[in-house]
Amino acid sequence: MIWGSEPVLKKRWKILLFSSLGAMGLCLVTWGSMSVVAKKQTAEMDAIAHEFFQNYPATEQNTSAKTLEKLSAKLGLQLLSNATNQDSSTPGEPADFQIITETVRDYFSAQRIKEQGPLDPIPATVQTYLNNNQATLTQIQTHLQSQEAPVWHFDVDLYADFEYALPAYIGLADLRKLLLLKAVTHAQQNQSEQMVGALEAAQALIDVPAQRPDLISYLVSLIAMDDTIAIMRHLEGVPLSVSEQLLAVDQQQLGVDRLRFDNWTFYRSLKRALSDPTRTEDLFSPVDFGLAVLPGGVLEKPYLALSNTNTTRLREKSHDQMMGENICSLDIEALEANLLKEVPWWNVIGKVAMPSFMAQWRKGGDRMLGAELTHHIVQAKALAAEQGQWSETLPNLASQTCPGESWTYAVTPEGEMTLSFSQDLSKQRPGDPDNRLPLIYQASLAQ
């Protein structure tokens, strides 16, 4: 038989024709099935998302926030990076915080790793800035202590827009640093009352990002905790009421809440993009995810909708698993690996989106341990000030963050006090850059 003869060619064309029709039919059936399932699952998830977002009503910027913005602008700060109508100082003026930004951040980084006091001297350029802006900083401190808490505009629907510029909150973190440095200045001048006032004003600022439900605000609030811990544990005369405020918020619970918000806002953002009739470009490049076999515009959107609902459910499951976990014994890498196994084979994008930022949640627990240590240091110093020597014991040394673990308090014959954690987390997580707050502290009465 000659392969190129006319009868054989006709037969081949028939085979190709029926094969093409079969492939097209299979594609249409698959598309139809995917579309039906995707619509059903999306409707179910929409109902859950609607109920979830009821917990986050819209707010408008209040007078307190506007006043704080104007005062902070005199320091060269913009509290929310995407805020509008903010005054700002002229670049190059002495008030411009940008001149000393790196120096300030380097200073706090150096204080974080200290295992004993005293604090390093404030760099000369930073001290000059504080002196030049003392009146404005005092105004801000008075405002935070006497006026209602500042509240900024918030609309949860904005978070469903991929193009919405999320607030960065870095200006708030920098303002908090300045108030902490003001407290250090007062401490160096033996002005205990003024030092406490500056610490209380700095603590009031942490509530601003904490009241916002997005993940970025949570991470910035953890940076603020780092700053406070780095300073407070090395000061003398800090009231217990101030250090107790560090323990008032369950940072692990807050972290789970913020991860849930991040999960549901991403779900809603992708769902909105998929339903946008004006959108002509691909939402993702199928080749990037090994999905080049998907016919663009036919299977892509139903597939992405199914992937969106599946990934959202799995991430919610991971958040449920975090609740009540002990960060000192939990193997996050193993848990993340198990969650990845639950992603179905077809959900290629889900495998990229998982795991669900569990390391961010662990950061909250790490900061709570740092807060526990700081509170015990303040306790020890307060008792020593009363008794003229280190107390033989400290109350409530059991860790609330890591059940089963505790803090070890000891006083040497030479008069040195030591506080340390019962577990060495650096061995559990070697090389972890986020485990940078030391969980040991040493001090002598001479300091």
Potential lengthening between GLU60 and SER192 on full extension [0.36 nm per residue; Cα-Cα distance subtracted] | 43.8 nm
³J(HN,Hα) across the stretch 409-415 via Karplus (A = 6.51, B = -1.76, C = 1.60, θ = phi - 60°), whole Hz, x for Gly/Pro?
-> 10, 8, 10, 7, x, 7, x
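Order LYS317, LYS39, most accessible first, counting only protein heavy atoms with a 1.4 angstrom probe.
Details: LYS317 85, LYS39 150 Å².
The ordering from most to least exposed comes out as LYS39, LYS317.
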With a sphere of radius 10 Å drawn around the Cβ of LEU219, what net charge do the other residues whose Cβ falls strictly inside it have (Lys, Arg +1; Asp, Glu -1)?
-> +1
Between TRP345 and ILE216, the two model label points (7 Å from Cα along the beta-carbon direction) sit apart by a distance in nm of 4.0 nm
Over the alpha-carbon set of the stretch 175-284, work out the extent along each principal axis and list the three values in angstrom, largest first.
-> 66, 24, 17
Using heavy-atom solvent-accessible surface (probe 1.4 Å) with all chains present, what is the largest-first order of ASP96, ASP120?
-> ASP120, ASP96
Cross-link table LYS114/LYS317; LYS182/LYS363; LYS177/LYS271, entries beyond 31 Å C-alpha to C-alpha = LYS114/LYS317; LYS177/LYS271
When every protein chain stays in place and a 1.4 Å probe is rolled, HIS186, HIS153 sorted by accessible area with the largest first are HIS153, HIS186
For GLU414 and ILE48, compute 0.36 nm times the residue count separating them, minus their Cα-Cα distance, and round to one decimal in nm.
-> 125.6 nm
Residue by residue through the stretch 221-226, the couplings from Karplus 6.51 cos²θ - 1.76 cosθ + 1.60 with θ = phi - 60°, in Hz, x for Gly and Pro, are 5, 5, 4, 4, 5, 4
Might you work out the accessible area of LEU340 for me, using a 1.4 Å probe with all protein chains in place, and round it to the nearest 10 Å²?
-> 60 Å²
Partner aspartates and glutamates for LYS301 [C-alpha distance under 13 Å; skip if fewer than 8 residues away on the same chain] = ASP276, GLU281, ASP282
Vicinal HN-Hα couplings computed from phi for the stretch 57-67 (Karplus, 6.51 cos²θ - 1.76 cosθ + 1.60; Hz; Gly/Pro x) = x, 5, 10, 10, 5, 9, 4, 4, 5, 5, 5
Would you work out the charge dipole size for the stretch 151-194 about its Cα centre, treating the Cβ of every Lys and Arg as +1 and the Cβ of every Asp and Glu as -1, and quote it to the nearest 20 debye?
-> 460 debye
Each label sits 7 Å from Cα toward the beta-carbon; between THR103 and ASN131 the label points are separated, in nm, by 1.2 nm
Length added when fully stretched, GLN387-ASP207, from 0.36 nm per residue minus Cα-Cα | 61.3 nm
How far apart, in nm, are the 7 Å Cα→Cβ label points at SER329 and VAL36?
-> 4.9 nm
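Ranked highest first by average number of other Cβ atoms within 10 Å, how do 365-371, 131-137 line up?
Per-residue Cβ counts within 10 Å, averaged per peptide and sorted highest first, yield 365-371, 131-137.
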Amide H contacts under 5 Å for GLN116, restricted to residues at least 5 apart in sequence or on another chain and with H modeled in the peptide plane, are GLN442
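The values are calculated or read from the model by the stated rules, or taken from the named source; none is laboratory data. Here the structure is a predicted model, which is why all the values come from computation and not from measurement. Virtual Cβ from ideal backbone geometry, glycine too; neighbours counted across all protein chains shown. Note: accessible area is taken over every heavy atom of the protein model, side chains too, but ligands, DNA and RNA are not part of it. Shrake-Rupley method; radii C 1.70, N 1.55, O 1.52, S 1.80 Å.
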